[in-house]
Structures are given as structure tokens and as C-alpha cells.
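J.: What follows is a single structure, and I will ask about it in a moment.
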Amino acid sequence: DAGVIQSPRHEVTEMGQEVTLRCKPISGHDYLFWYRQTMMRGLELLIYFNNNVPIDDSGMPEDRFSAKMPNASFSTLKIQPSEPRDSAVYFCASSRDSKNQPQHFGDGTRLSIL
Amino acid sequence: DAKTTQPNSMESNEEEPVHLPCNHSTISGTDYIHWYRQLPSQGPEYVIHGLTSNVNNRMASLAIAEDRKSSTLILHRATLRDAAVYYCIHDYNNNDMRFGAGTRLTVKP
């Protein structure tokens, strides 16, 4: 079984540029989560979707961040414009549609904003 | 906010059992206790979860206190590949889990 697939694995870009991170969840999983991990703040939940609908986006840091899930097999996290403080590892995870099912994480995208 | 308390770091010798403690005194009656671990340069990996009774799987055992205010993750024989950050979480809002700082486990050969 293919796991959660994230792309790109690494992204380096200059501040002010638009950044798009991509995620393909595990087939059959109805929940999708976006996390951000930094040394200072640890692993933070940004937003999660159920059946492609955003349920809780209270963790999104500001309006420069947006996330979409146009279908069950694809989600994007976009930062526009990007800033150096957005540098972090961004993880996507998915789980089945029932309470307390394990979340399966991708390998993450390491984002560096110069 | 859901909060768990774990030691910042622990050490173990290879081939010995490891007991990783977690306090979750604010847990509600329906919150499950989850454990994940994160190996270097990888995403978090599910280890085990439970509600009230002790749980076992191929990776570990989870011992939950009777009052559910604490739990212990047990690795029966630590290997070098078990060196990771271990997170204890209780999900207070369905699938919404909040990761704390975790415990960094070092395994010595």
C-alpha cells in the first residue's frame, strides 16, 4: 500500500514568492491533516479536512496560508506571499473516517524561505 | 487545551525494556490515549492507542492507570532503531490531536 505522498520533499525559495505544497492521502482515508513542525513550536496542527471539507482551520497562522482539498485524493497548502518565518517542515497525514483511527504521516516537505 | 506531560529525555540500553511515562490529568472519559514516535528526518509514526484497559501490539504495550490520569508506553526490548521522539497525546476533539514536546529516547548499544 502506498503511504501518504507529499511533494516536493524540499523547497527553497525567496521571500515574497508563492509556495504550494501537495499531498496525496492514502486511498480510502476520509480525514486529511496539515501540520507544521519547527524547533521552537514543535508539531502544530494547521488545518484538517473530513470528506474534502475543512473542519477546523484555527491553526492556520494567518491569511497568507490557505489549504484546499478539491477531491479525495489531493490537497494543497499554499503560502502567498511567503516569509522567512514560514521556514519549517510541513507534514500531511490522513486517517480513516472513524474516531480514534491512527493518522498516517507523509515524509514531509522541508521549506526554506530565504 | 488538551495537555500531556512527559519527561524531555530518557536513555535506555539496547535489548532492555523501556518504560516511557505520560501524565494526562485533564483527560475526559471518552478521550483515547495515543502514542506516536518520530524518527530522525521522518514524519510521526503511529505506535499504539487505548481507552481504559491495557493494550498490546507488535510494536509496544500501553499500560493505562485505573484513574486514566497517566499511562506508560512499554518497549519490551529496545533496539537502536527505537531511538526517536515519543509523543503521548489524548484527542479531546475527535481526530484533532495536539502534539506536545515528547520524550527523546536515546538507546545505547
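J.: How big is the Cα convex hull of the protein assembly as shown in projection, averaged over all directions, in nm²?
T.: Approximately 12.2 nm², given one-decimal rounding.
J.: Calculate the FRET efficiency for A:GLN80 and B:SER41 from the Cβ-Cβ distance with a Förster distance of 35 Å, rounded to the nearest 0.05.
T.: Step by step, r from the Cβ atoms, then E = 0.80.
J.: Just name one of B:GLY100, B:PRO7, B:VAL85: the one whose Cα is farthest towards the positive end of the charge dipole of chain B (beta-carbon charges, Lys/Arg +1, Asp/Glu -1).
T.: B:VAL85
J.: Projected onto the charge dipole of the protein assembly as shown (+1 at Lys/Arg Cβ, -1 at Asp/Glu Cβ, origin at the Cα centre), which of A:CYS23, A:ILE47, B:LEU51 gives the Cα projection farthest towards the positive end?
T.: A:CYS23
J.: Suppose every Lys and Arg Cβ carries +1 and every Asp and Glu Cβ carries -1, with no other charges. What dipole size does the stretch B:1-77 come out with about its Cα centre, to the nearest 20 debye?
T.: 180 debye
J.: Something else about it: Above 14 Å lies some portion of the pair distances; for the stretch B:19-84, what is it as a whole percent of all C-alpha pairs?
T.: 56 percent
J.: What lysines could a cross-link reach from A:LYS78, if we take a straight Cα to Cα line under 18 Å and drop same-chain neighbours fewer than 8 places away?
T.: Correct list for A:LYS78: A:LYS24, A:LYS68.
J.: Taking neighbour Cβ counts within 10 Å as the exposure measure, how do A:ASP86, A:ASP63, A:ASP107 sort from fewest upward?
T.: A:ASP63, A:ASP107, A:ASP86
J.: If you don't mind, another one. Which of these, B:SER70, B:SER25, B:SER61, has the largest mean-square fluctuation under a Gaussian network model of chain B (Cα springs below 10 Å)?
T.: Ranking B:SER70, B:SER25, B:SER61 by mean-square fluctuation puts B:SER25 first.
J.: Take every residue in peptide B:37-44, count the Cβ atoms of other chains within 10 Å of its Cβ, and give the average of those counts.
T.: Per residue, the average neighbour count from other chains is 5.
J.: Note the full-extension length gain between B:GLU15 and B:HIS76 as 0.36 nm times their separation in residues minus their Cα-Cα distance, in nm to one decimal.
T.: Length gained between B:GLU15 and B:HIS76: 21.1 nm.
J.: To the nearest 20 debye, what is the magnitude of the charge dipole of the stretch A:1-59 about its Cα centre, counting +1 on the Cβ of each Lys and Arg and -1 on the Cβ of each Asp and Glu?
T.: 160 debye
Here, each number is a calculation from the coordinates, and none is a lab measurement. Just so you know, these numbers come straight off a predicted model, no measurement behind them. Cβ coordinates were reconstructed from backbone atoms using ideal geometry, including for glycine residues, and neighbour counts include every protein chain displayed.
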